[in-house]
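S.K.: Structure below; questions to follow.
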Amino acid sequence: MSALLLVSAGCAAAAVALLVPDPPGVVLDRRLHRHGGRLVVPHGKSGLPPALGAWIRRLGLERPTRRTERRQRAAVLEAVEVLAAELRSGRSSDQALRSASGVLGALVPVAAVSRMGGDVPSALRAVRVPGTESLSRLAVAWAVAGGSGSGLAGALDRIAHGLRAEERLRQEVATALAAPRATARMLACLPLLGLGLGASTGANPFGFLFGTPIGLGCLVVGSTLAGLGLLWVERLARRAEEGP
């Protein structure tokens with residue numbers, strides 16, 4: 001019986017986590033700590049049982065938040081535009097990277113490598129901050145153009161144009177997915193409304209759910225299906241947002 005209650009509580013927690021814009025939300029964020037832009041469940045430190053922490057990670061809650069990724073992508077685009085403008089004005093690659101690092105903090109070590117005469121393309125590929133994956137394109141352009149001149153500035157302009165087009169496409173996909181997500185969340189909340197309506201008519205649904213074996217079984221099955229349904233919709237939406 002306790003195992004059934006644990007499964008029910010876990011599924012309900014997953015459903016609540018998926019209802020908020022940036023899972024796992026405020027409650028789990030107090031139990032977890034941020035590390036490198038990811039939500040990490042540290043074994044033995046979070047206060048959560050190791051099995052529950054592993055289950056949360058398997059549900060996909062340990063991931064960069066969408067809001068953080070959007071901010072990083074916007075910063076990458078601005079940094080590329082700053083680099084192009086600086087190079088076009090005749091500034092050196094070291095100066096251009098230093099200016100761009102003020103916009104995108106992930107470029108600070110890259111600027112340091114450039115000042116020391118190191119391999120800038122390799123340093124760009126080594127950046128592992130979520131949302132900065134497009135820096136690999138900058139690394140290719142840098143390696144081909146030699147890190148300076150109008151040739152690199154033109155390549156950076158084309159990269160910026162491509163990044164803007166991709167961001168517009170992401171926004172269109174997110175807008176198209178907003179309705180299915182809202183529908184799934186509304187359907188997950190409808191049973192709560194039904195419980196409230198039942199209680200208002202004197203049917204005592206809570207006594208049935210928590211006071212009888214059949215009711216407890218219904219509660220476990222219903223919570224499991226609701227949590228899995230929300231998880232399924234979110235996974236499909238994330239796959240559509242990530243593209244092929």
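S.K.: Name the one entry in A84, A111, A79 that is touching a Lys or Arg at 6+ places or on another chain (Cβ under 6 Å) and modelled with pLDDT of 90 or more.
M.R.: A111
S.K.: Determine, yes or no, whether L187 is surrounded by fewer than 13 Cβ atoms within 10 Å (Cβ to Cβ), modelled with pLDDT under 85 and either of a type in the set (D, E) or assigned to a helix (DSSP H, G or I) (or both). Steps first, answer last, please.
M.R.: Numbers: surrounded by fewer than 13 Cβ atoms within 10 Å (Cβ to Cβ): no; modelled with pLDDT under 85: yes; either of a type in the set (D, E) or assigned to a helix (DSSP H, G or I) (or both): yes.
No; evaluated as a whole, the condition is false for this residue.
S.K.: Considering only residues of region 89-105 that are among the hydroxyl-bearing types (S, T, Y) and outside any loop (DSSP other than H, G, I, E, B), which is surrounded by the fewest Cβ atoms within 10 Å (Cβ to Cβ)? Reasoning before the result, please.
M.R.: Just the residues of region 89-105 that are among the hydroxyl-bearing types (S, T, Y), to begin with: 89, 92-93, 99, 101.
If we keep only those that are outside any loop (DSSP other than H, G, I, E, B) too, we end up with 93, 99, 101.
On the way: S93: 21, S99: 17, S101: 19.
The extreme case among them is S99.
S.K.: Look at region 106-134 and say how many of its residues are part of a helix (DSSP H, G or I) and touching a residue at least 24 places away in the same chain (Cβ under 8 Å).
M.R.: 4
S.K.: Only one of (1) loosely packed, with under 13 Cβ neighbours inside 10 Å; (2) closer than 18 Å to R73 by Cα; (3) over 26 Å from the mean Cα position of the chain (by Cα) fails for D157. Which number is that?
M.R.: Every listed condition holds for D157 apart from (1).
S.K.: Going by what's in this entry, would L231 be described as closer than 30 Å to R168 by Cβ, in contact with a helix residue (DSSP H, G or I) (Cβ under 9 Å, 6 or more places away or on another chain) and either modelled with pLDDT of 85 or more or surrounded by 14 or more Cβ atoms within 10 Å (Cβ to Cβ) (or both)?
M.R.: Yes, satisfied.
S.K.: Could you pull out the residue among G102, G131, G151 that is farther than 30 Å from L236 by Cβ and modelled with pLDDT under 90?
M.R.: None of the others qualify; the one that does is G151.
S.K.: I need the full set of residues from region 132-154 which are surrounded by fewer than 20 Cβ atoms within 10 Å (Cβ to Cβ) and under 19 Å from the mean Cα position of the chain (by Cα), in order please.
M.R.: If the condition is that a residue be surrounded by fewer than 20 Cβ atoms within 10 Å (Cβ to Cβ) and under 19 Å from the mean Cα position of the chain (by Cα), then E133, S134 are the ones that fit.
The values are calculated or read from the model by the stated rules, or taken from the named source; none is laboratory data. Here the structure is a predicted model, which means the values were calculated and not measured. Heads up, the Cβs are rebuilt from the backbone with ideal geometry, glycines too, and the neighbour counts pull from every protein chain shown.
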